[in-house]
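Here is the structure we will look at.
The values are calculated or read from the model by the stated rules, or taken from the named source; none is laboratory data. Just so you know, these numbers come straight off a predicted model, no measurement behind them. All Cβ positions, glycine included, derive from the backbone under ideal geometry; neighbour counts span all protein chains shown.
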């Protein structure tokens, strides 16, 4: 799979393997039209396709699916009506990606009406953490995943949190200034600005990136600015996990501030790389 870069999209066309799109949907007809196009393009490419959508009495009568495209409610099919279990969801994606390969499909393509989350209704931070893990699964499996968040179903705060952990974004949301995305094998990329807007989400995203890993690689090449709170979050993750943290492409300001705080001495497991 080619290297992943962040993109602000205007449509759901020309999506590639491993693309993970966060989509803020403004109106039902927009979802129907654009999701149908995305699924049709997947069919043309030879992808196994799924539409994830909530199964309830108000289920839309006209779903954007072609013949033979399964419509699945993850809350029912994978979570058995219980709370959001990220690992169960990741396992389901891995199973279906493997099944697609076994059955001769080119890949797996999923369009998800994220109203399915209204059943388990996790907190906003849990949704963002789930999406961040799903981004790593998209890299691992090569699946193309479009997560459609209807504006009327989620708060502005929730939308801002989930958008910053998608490498690709479609539709307007309140920006937290930064974006974090995976390129596999414990390697994550940071872009934008980590400032006061990111104070709540950024430390959580870093901990999720480092969770269970002996080494965390953070590519900071496209990180324009990081404040002291953001640097402290990196230091806390390095101290709390004991993981080796490699900061690639960090600018001179970050390096200088790190040295002024004497974290070079206190955190020998953090290394700056060219």
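Of all the listed residues (242, 192, 186, 230), the sole one being surrounded by fewer than 18 Cβ atoms within 10 Å (Cβ to Cβ) and not assigned by TED's automatic domain parsing to the domain that holds residue 23 is 242.
Scan the range 211-227 for residues that are crowded, with 20+ Cβ neighbours inside 10 Å and without any contact (Cβ under 8 Å) to a residue 12 or more places away in the chain and the total you get is 0. When 177, 171 are screened for being crowded, with 18+ Cβ neighbours inside 10 Å and free of Cβ contacts under 8 Å to residues at least 24 places away in the same chain, only 177 passes. For residue 78, the criteria (1) surrounded by 14 or more Cβ atoms within 10 Å (Cβ to Cβ); (2) farther than 21 Å from residue 127 by Cβ; (3) without any contact (Cβ under 8 Å) to a residue 24 or more places away in the chain hold in every case but one, which is (2).
The number of residues in the range 212-244 being part of a strand (DSSP E or B) and within 16 Å of residue 262 (Cα to Cα) comes to 0. Out of curiosity, is residue 104 surrounded by fewer than 17 Cβ atoms within 10 Å (Cβ to Cβ), more than 15 Å from residue 23 (Cα to Cα), free of Cβ contacts under 8 Å to residues at least 40 places away in the same chain and not assigned by TED's automatic domain parsing to the domain that holds residue 248? Taking the combined requirement at face value, the residue satisfies it. Taking the criterion of being assigned to a helix (DSSP H, G or I), surrounded by fewer than 24 Cβ atoms within 10 Å (Cβ to Cβ) and touching a strand residue (DSSP E or B) at 6+ places or on another chain (Cβ under 8 Å), the residues of the range 138-157 that qualify are 139, 140, 141, 151. Just to be sure before I move on: is residue 84 out of contact with any strand residue (DSSP E or B) (no Cβ under 8 Å at 6 or more places or on another chain), at pLDDT 95 or above, on the phi < 0 side of the Ramachandran plot and not assigned by TED's automatic domain parsing to the domain that holds residue 206 in the structure I sent? Yes, satisfied.
The one condition from (1) buried (at least 18 other Cβ atoms within 10 Å of the Cβ); (2) modelled with pLDDT of 95 or more; (3) closer than 30 Å to residue 68 by Cα that residue 119 does not meet is (2).
If you filter the range 86-101 down to residues that are buried (at least 17 other Cβ atoms within 10 Å of the Cβ) and out of contact with any helix residue (DSSP H, G or I) (no Cβ under 8 Å at 6 or more places or on another chain), you find that the one that is farthest from residue 208 (Cα to Cα) is 100.
Here's the yes/no breakdown for (1) surrounded by 14 or more Cβ atoms within 10 Å (Cβ to Cβ); (2) touching a strand residue (DSSP E or B) at 6+ places or on another chain (Cβ under 8 Å); (3) not assigned by TED's automatic domain parsing to the domain that holds residue 17:
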{"position": "196", "(1), (2), (3)": "no, no, yes"}
{"position": "201", "(1), (2), (3)": "yes, no, yes"}
{"position": "209", "(1), (2), (3)": "yes, yes, yes"}
{"position": "237", "(1), (2), (3)": "yes, yes, yes"}
{"position": "254", "(1), (2), (3)": "yes, yes, yes"}
{"position": "260", "(1), (2), (3)": "no, no, yes"}
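Can residue 173 be described as touching a strand residue (DSSP E or B) at 6+ places or on another chain (Cβ under 9 Å) and either in a helix (DSSP H, G or I) or at pLDDT below 95 (or both)? So residue 173 fits the description; yes.
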